[in-house]
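Here is the structure we will look at, set down as structure tokens.
The values are calculated or read from the model by the stated rules, or taken from the named source; none is laboratory data. Quick caveat: nothing in here was measured; it's all calculated off a predicted structure. Because the Cβ atoms are built from the backbone with ideal geometry, glycine has one as well, and the counts that use them run over all protein chains shown. The accessibility values were calculated without ligands, DNA or RNA, using every heavy atom of the protein model including side chains. Shrake-Rupley method; radii C 1.70, N 1.55, O 1.52, S 1.80 Å.
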Amino acid sequence: MGSSNSSVNNIPNAQELMQETGFSAAHILRLHERFEFLDKHKCGQLRLVDRPTNQPQDFGAVQELALNPIGDSIISAFFSPGQETVDFASFVRILAHFRPTDRNQSRDGAQQEPANSSIRKLKFAFQMYDQDRDGKISRAELLQVLRAMLGIQVTEEQLQSIAERAIQEADLDRDDAISFDEFRKSLEKVDIDHKMSIRFLR
Amino acid sequence: MAALRTLSLLLSACLLWPICLALTPPAQLPQPRNLPPMLGFNSSDGSLSVDLPMALRVFSVDYHHVQAPFEIVLWIMLASLAKLGFHWSGRVPAVVPESCLLIMVGLLVGGVIYGVRHSAPPTLSADAFFLFLLPPIVLDAGYFLPGRLFFENLGTILWYAVLGTLWNVLGIGLSLYGVCLLAQSSLGDVSLLHCLLFGSLIAAVDPVAVLSVFQEMHVNEQLHILVFGESLLNDAVTVVLYKLFESFLRLPSVSGVDVLLGGCRVVVVGLGGLFVGLFFGLVAALTSRFTSRAQVIAPLFVFLYSYLSYLTSEMLHLSGIMAIVTCAVTMKQYVEANVSERSKTSIQYFLKMWSSVSETLIFIFLGVSTIQDVHMWSWPFVCSTLLLCLVWRATGVLLLTAVVNKLRRNAVTFRDQFIIAYGGLRGAICFSLVFLIDDFPKKRLFITTTIVVILFTVFVQGMTIKPLVELLDVKRKKRALPTVSEEIHSRLIDHLLAGIEDVVGYWGQHYWKDKFEQFNRKYLRRFLIREDHQARSSILRVYQELERREQRGDEEAPRVVDPRSHSRPLLPEEMDSIRRILSRNLQNFNNKQTPAYSRHTLHQDATTERTRKPLYRHQSLGERYTYNTITHWPQGEDEFNGSRRVRPGLNRSHTVCSTSPRPVLQDLSAPAASAQTGPVDPKPSAAREDQISPHHQVPVGRAPKKQLSFVLENEKQQ
């Protein structure tokens with residue numbers, strides 16, 4: 001598992017990816033190994049569902065995702081809307097969101113917001129709720145996630161009142177949905193950078 | 001009234017036994033020498049008999065014959081009746097933990113015996129404790145250990161167990177020596193090694209006591225596994241240090257090499273216990289493979305092999321606790337795949353029963369053994385020991401946590417640290433170890449101090465930990481009340497990060513785990529699990545799960561509540577109940593829905609039965625549909641029949657089924673797709689069910705080969 005540059009160069013667009021996401025060569029290499037582990041059919045892309053047989057595909061290799069309440073939201077976050085495959089570059093770009101934030105990073109105006117900034121992290125979390133990508137968390141979407149997380153220990157009325165309370169607290173413009181800004185505001189006390197970083201991806 | 005009734009029941013039970021004991025002569029029986037020689041029937045065994053000369057004895061009492069098992073059974077009976085009485089006694093369990101009550105019963109019984117016989121009551125012998133009373137408890141703990149949680153927190157647990165125990169031992173030992181130096185007059189003859197020896201045995205956190213107190217407290221499972229895992233693993237360190245200092249005491253002088261060797265010994269003892277446990281676990285798994293024709297004795301093998309592993313490692317002076325825990329963890333998945341359902345339930349029930357009895361006996365004996373003649377009291381020693389135990393544990397936990405929090409994503413909060421530090425209870429292990437010390441002038445002082453520390457920790461700390469924690473919670477809440485949305489979103493982020501870590505394959509954990517799983521699947525499972533059961537893990541289990549649910553009957557569907565009806569501000573008590581709900585249920589971290597280890601009940605939903613692969617909701621151009629696959633029974637027919645178990649009212653975020661080797665039909669996906677375009681809500685599910693129900697009639701004729709397509713949420717475990 002060394003970071004010899006020669007093997008990194010075997011990966012297409014490695015240099016651009018490193019530039020764009022800030023991953024080091026060693027990380028790109030590791031992620032590529034992981035990608036290949038997941039990519040059982042060696043077709044260079046991860047598929048969502050295997051069409052001919054209708055069986056869950058590559059992400060099924062990660063068994064713990066089956067037990068995760070928002071497992072399928074996580075998986076579908078890897079795939080752009082309308083796409084059924086994800087290639088290595090997109091895989092890396094999604095994972096770049098979870099790099100720890102570089103505190104002393106200075107950006108010149110020309111660069112876009114780096115992938116692992118707090119805003120982008122929050123947006124990713126927002127997507128977990130907002131499945132239809134309309135920019136708002138509706139009550140139904142919130143309920144769905146709540147149900148998945150709280151499981152069966154909670155009755156339907158309790159779920160409703162919890163969701164009600166959550167929307168009441170956050171919804172400032174009274175449109176019965178939580179927009180991204182309201183979402184961000186409700187999480188202002190939480191240290192997003194620490195919480196949403198995977199340390200070894202530094 | 002109920003309390004009075006049970007109290008009287010309890011007292012009568014308690015007094016019955018000592019009266020028996022008091023009435024029978026304890027050691028030797030008066031030989032009936034002055035009686036005329038009998039016909040030789042039973043004068044030789046020294047029994048009491050009605051002395052009718054030249055006549056047949058009609059009624060005789062021969063206690064001596066059954067003395068040993070009789071006494072044992074009476075003790076166990078006493079313990080169990082005490083436990084029963086405790087649970088019936090109304091509000092007392094809420095305040096006083098069970099361990100305290102049992103010790104009090106023991107004190108009572110010991111006092112009665114002492115009063116009647118004017119000699120010390122039987123004490124808990126170290127051998128009986130280590131060989132008979134401790135193994136069932138540890139086996140039970142190891143068998144029901146939440147595996148994934150344990151291994152994910154293994155680093156932290158080892159950190160606390162090894163370093164924390166070392167810190168405590170050295171700290172307490174050295175400070176006690178300082179105290180002894182200061183109080184030269186009374187404590188001058190306690191040497192440094194003695195203090196270190198004492199420190200090593202008093203610093204050990206006891207799994208029995210910890211478990212019994214945490215039962216009643218609501219702690220999240222991560223914290224539970226930290227404290228519990230620490231108490232299990234520090235056995236290796238404790239016992240090694242104890243034996244080390246003991247052997248140092250016997251040596252004329254101690255050199256640096258000896259200390260180094262001592263350090264190696266810790267590693268050897270720990271790893272040795274691990275390997276012994278592994279070996280016996282694998283052998284047990286292999287044996288269970290062949291038990292299909294004699295299913296009734298299958299549970300016996302579990303117990304025999306575990307106990308053997310414990311005894312073997314004790315024989316080799318390795319860590320018995322580690323051996324038995326490893327054995328249980330290793331053999332569990334294979335044994336449960338091999339034996340029948342009934343055997344599995346028997347194993348679990350027996351484990352719970354034995355460990356329960358064992359724990360009760362331990363606490364009662366602790367109480368009884370307190371009443372003795374051998375006490376020696378010394379104010380400075382006892383008080384300083386108590387103080388130092390608390391202080392060193394607190395500082396140790398604080399320091400270690402400060403370091404380990406930097407490496408964990410989920411920081412160990414201040415509340416957790418307080419519980420870890422304050423919940424470090426001492427118990428019967430210290431007690432037995434102190435009896436094993438070689439005799440020296442101040443041994444009685446050590447015994448007394450140990451008893452005092454144990455009683456203090458169990459009573460004072462055990463009783464006050466719950467109110468103190470609640471006080472802390474209240475204080476924390478007063479300062480910064482997290483909003484409901486904050487809690488929900490934080491938990492969502494936790495799940496998200498866990499999922500991403502899983503996808504990335506968190507090196508150091510998942511990498512090895514994946515490798516192990518591959519190895520497991522390819523070699524171990526094939527070797528250790530019966531052939532016809534190997535498919536069990538995927539299809540058969542879920543089929544059986546379905547059958548079970550069918551038999552239990554479906555619960556009624558929850559009402560679909562109109563969302564709009566709740567848009568009014570919530571009352572404070574509703575707010576409180578919401579908070580309580582969230583704090584209880586959102587803490588099921590790592591997606592585990594099983595509650596933390598519970599001593600008294602058996603939870604049916606074993607997580608090993610989860611074999612689910614999700615299907616994904618795929619969004620394509622705003623349209624939503626769900627792929628459904630149909631599983632086939634391996635010998636199934638081609639005709640499709642759906643018997644779907646749908647719970648209307650709950651959104652289907654996962655459509656679950658298991659994979660099958662055969663290609664899957666597509667019949668269902670078309671009607672499903674058409675039925676479910678648009679926003680997901682309960683109605684299409686109901687429509688689907690209606691569509692499918694006509695097909696129910698068809699398979700009646702082919703009962704054994706049912707083909708299933710089923711929908712289960714991944715949280716529904718009951």
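The table for this structure:
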read-out: Some residue of the stretch B:119-132 being farther than 18 Å from B:VAL357 by Cβ, in contact (Cβ under 8 Å) with a residue 60 or more places away in the chain and within 19 Å of the chain's Cα centre (by Cα); value: no
read-out: Among the residues listed as B:VAL357, B:VAL412, the single one being among the β-branched types (Val, Ile, Thr), surrounded by fewer than 23 Cβ atoms within 10 Å (Cβ to Cβ) and not in a helix (DSSP H, G or I); value: B:VAL412
read-out: One residue from B:THR326, B:THR312, B:THR345 being assigned to a helix (DSSP H, G or I), more than 30 Å from B:VAL267 (Cα to Cα) and of a type in the set (Val, Ile, Thr); value: B:THR345
read-out: Number of the condition not met by B:ASP416 [criteria: (1) closer than 30 Å to B:PRO122 by Cα; (2) in contact (Cβ under 8 Å) with a residue 24 or more places away in the chain]; value: (1)
read-out: Inter-residue pairs, beta-carbon under 6 Å, first over 28 Å from B:GLU470 (Cβ atoms) and in the stretch B:74-101, second of a type in the set (Phe, Trp, Tyr) and outside any loop (DSSP other than H, G, I, E, B), 6+ apart; value: B:LEU74/B:TRP17; B:LEU78/B:TRP17
read-out: Leading residue by the ranking (farthest from the other protein chains (Cβ to nearest Cβ)) among those in the stretch A:185-198 that are under 13 Å from A:ALA125 (Cα atoms) and in contact (Cβ under 8 Å) with a residue 60 or more places away in the chain; value: A:ASP193
read-out: Qualifying positions in the stretch B:355-408 - in contact with a Phe, Trp or Tyr (Cβ under 6 Å, 6 or more places away or on another chain) and at pLDDT below 85; value: B:ILE371
read-out: Options A:ALA110, A:ALA115, A:ALA96, A:ALA125: the member that is buried (at least 18 other Cβ atoms within 10 Å of the Cβ) and at pLDDT below 80; value: A:ALA115
read-out: Qualifying position, being at the interface with chain B (Cβ under 7 Å from one of its Cβ atoms), at pLDDT 75 or above and surrounded by fewer than 23 Cβ atoms within 10 Å (Cβ to Cβ), among A:SER90, A:SER76; value: A:SER76
read-out: Candidates B:ASN220, B:ASN168, B:ASN234 - the one that is surrounded by fewer than 24 Cβ atoms within 10 Å (Cβ to Cβ) and not charged (D, E, K, R); value: B:ASN220
read-out: B:VAL66 being surrounded by 17 or more Cβ atoms within 10 Å (Cβ to Cβ) and over 31 Å from the mean Cα position of the chain (by Cα); value: no
read-out: Matching option when the condition is open to solvent by less than 20 Å² (accessible area, probe 1.4 Å) and touching a Leu at 6+ places or on another chain (Cβ under 9 Å), among B:VAL302, B:VAL254, B:VAL239, B:VAL259; value: B:VAL302
read-out: So B:LEU274, is it among the hydrophobic types (A, V, I, L, M, F, W, C), assigned to a helix (DSSP H, G or I) and within 19 Å of the chain's Cα centre (by Cα); value: yes
read-out: Check on A:PRO52, open to solvent by 50 Å² or more (accessible area, probe 1.4 Å), within 14 Å of another protein chain (Cβ to nearest Cβ) and at pLDDT below 80; value: yes
read-out: Test: A:GLU182 is over 30 Å from A:LEU29 (Cβ atoms), more than 8 Å from every other protein chain (Cβ to nearest Cβ) and assigned to a helix (DSSP H, G or I); value: yes
read-out: Top-ranked residue of the stretch B:409-453 - restricted to ones that are farther than 25 Å from B:VAL368 by Cβ and of a type in the set (Lys, Arg), ranked as modelled with the lowest pLDDT; value: B:ARG409
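To keep it simple, each residue is scored yes or no on (1) of a type in the set (Asp, Glu); (2) open to solvent by 20 Å² or more (accessible area, probe 1.4 Å); (3) free of Cβ contacts under 8 Å to residues at least 24 places away in the same chain; (4) closer than 21 Å to B:SER432 by Cα.
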position: B:LEU139; (1), (2), (3), (4): no, no, no, yes
position: B:GLY155; (1), (2), (3), (4): no, yes, no, no
position: B:TRP159; (1), (2), (3), (4): no, yes, no, no
position: B:VAL162; (1), (2), (3), (4): no, yes, no, no
position: B:LEU174; (1), (2), (3), (4): no, yes, no, no
position: B:CYS180; (1), (2), (3), (4): no, no, no, no
position: B:LEU192; (1), (2), (3), (4): no, yes, yes, no
position: B:GLY199; (1), (2), (3), (4): no, no, no, yes
